[in-house]
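Input: a single structure, listed below in structure tokens.
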Amino acid sequence: MNNAPIGLFDSGVGGLTVARAIRDLLPNESLTYVGDTQNSPYGPKPIADVRRYSLEVLDQLVEQGVKALVIACNTASAAMLRDAHERYDIPVLEVIQPAVRSAMSITRNGRVGLIGTVGTINSRAYDDLFSMRPEISLTTQACPRFVEFVESGETTGPEVLRIAGEYLEPLIAQDIDTLVLGCTHYPFLRGAISQIVGPEVALVSSDIETANDVYRLLTDRNLLRDSPLPPTIRYEATGTDTRAFSELANRLLGVDVSHVDHTPTGVIALPGTP
Ligand code: DGL
């Protein structure tokens, strides 16, 4: 089991920020990444649909024999926060709780901002968790165009800054000292977001916090990979245009993501165990 890959997924390229952070901390681990490009974007879709798509992808990853699941998508995490843990025998990690925990420990003035997709913001999943600390005031803002920008490879330029300014202005007006990037696509826009909110506002990003949780989980449960062979990193996309997915991933990550398998949802892919 230890040498099986970690399975993670997102609607598209956003979860690659989580994959990258896991690779930074755990370079000996094999990963199988699924971008559910056939159903992307998740943000504007009804939560019941997102839940269905997500469970289909997670079921497939479990069939492939992964040793742990990472829901590398806030919208999917919000849709399944309650039941994903009960459905599978292997550990399931998601991105919302680690980000909330980190923001709670970072804020000094108790004013936290949250940006995310329409689905994540409307689910109030973050609000529920922050309500455990009533002294913290949470201001939320949906940023629907951010995912569009990232999925089209546009992370710099005047239009990105203009839209970022519009979205973030109401949060700055609340005097936030901590901003949660509540969508795994947003770390690709970190430069623009940071430029708008300024250096005084701490950015909490679910990719790094989740990778810390994965590290802790594998260490605590003795699940670290112990094979002398190099780890395997596998990318799968559920949509047919796997070339577009791999080109975008190459461009955003600056690493070679040259091989992307097409995995229609509902069909089991090749075994992912090295
Ligand atoms: N990356 C996803 C998230 O963290 C969602 C992007 C989308 O498909 O709208 O919420």
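Here is how the numbers come out for the structure above:
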{"item": "Principal axes of the range 170-244: Cα extent on each, largest first, Å", "result": "51, 39, 17"}
{"item": "Binned Cα-Cα distance frequencies in the range 83-152 - 5 Å width, integer %", "result": "3, 14, 22, 20, 17, 14, 8, 2, 0"}
{"item": "Acute angle (nearest 10 degrees) that the helix 96-106 long axis makes with the longest principal axis of the chain, alpha-carbon atoms", "result": "40 degrees"}
{"item": "Overall form of the range 44-182 per C-alpha gyration tensor (a/c, 1.5; a/b vs b/c)", "result": "oblate"}
{"item": "Highest-first arrangement of 30-37, 219-226, 72-79, 170-177, where packing means the average Cβ count within 10 Å", "result": "72-79, 30-37, 170-177, 219-226"}
{"item": "The range 96-246: C-alpha gyration tensor shape, a/c 1.5 cut-off, then a/b vs b/c", "result": "oblate"}
{"item": "More than 21 angstrom apart: percent of Cα pairs within the range 54-121", "result": "34 percent"}
{"item": "Under the Debye formula (equal points on every Cα, no solvent term), log10 I(q)/I(0) of the range 1-116 at q = 0.13, 0.14 Å⁻¹", "result": "-0.51, -0.59"}
{"item": "Calculated diffusion of the range 114-161, Stokes-Einstein form, Kirkwood radius summed over Cα pairs, 25 °C and 0.890 mPa s, µm²/s", "result": "200 µm²/s"}
{"item": "Rg [Å, one decimal], Dmax [Å, integer] - the chain, C-alpha atoms", "result": "17.7, 53"}
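Read-outs throughout are calculated quantities, based only on the coordinates presented, and are distinct from any laboratory measurement. Everything numeric in this text was worked out from a predicted model, so none of it was measured. No Cβ is skipped: glycine too gets one built from the backbone with ideal geometry, and neighbour counts run over all protein chains shown.
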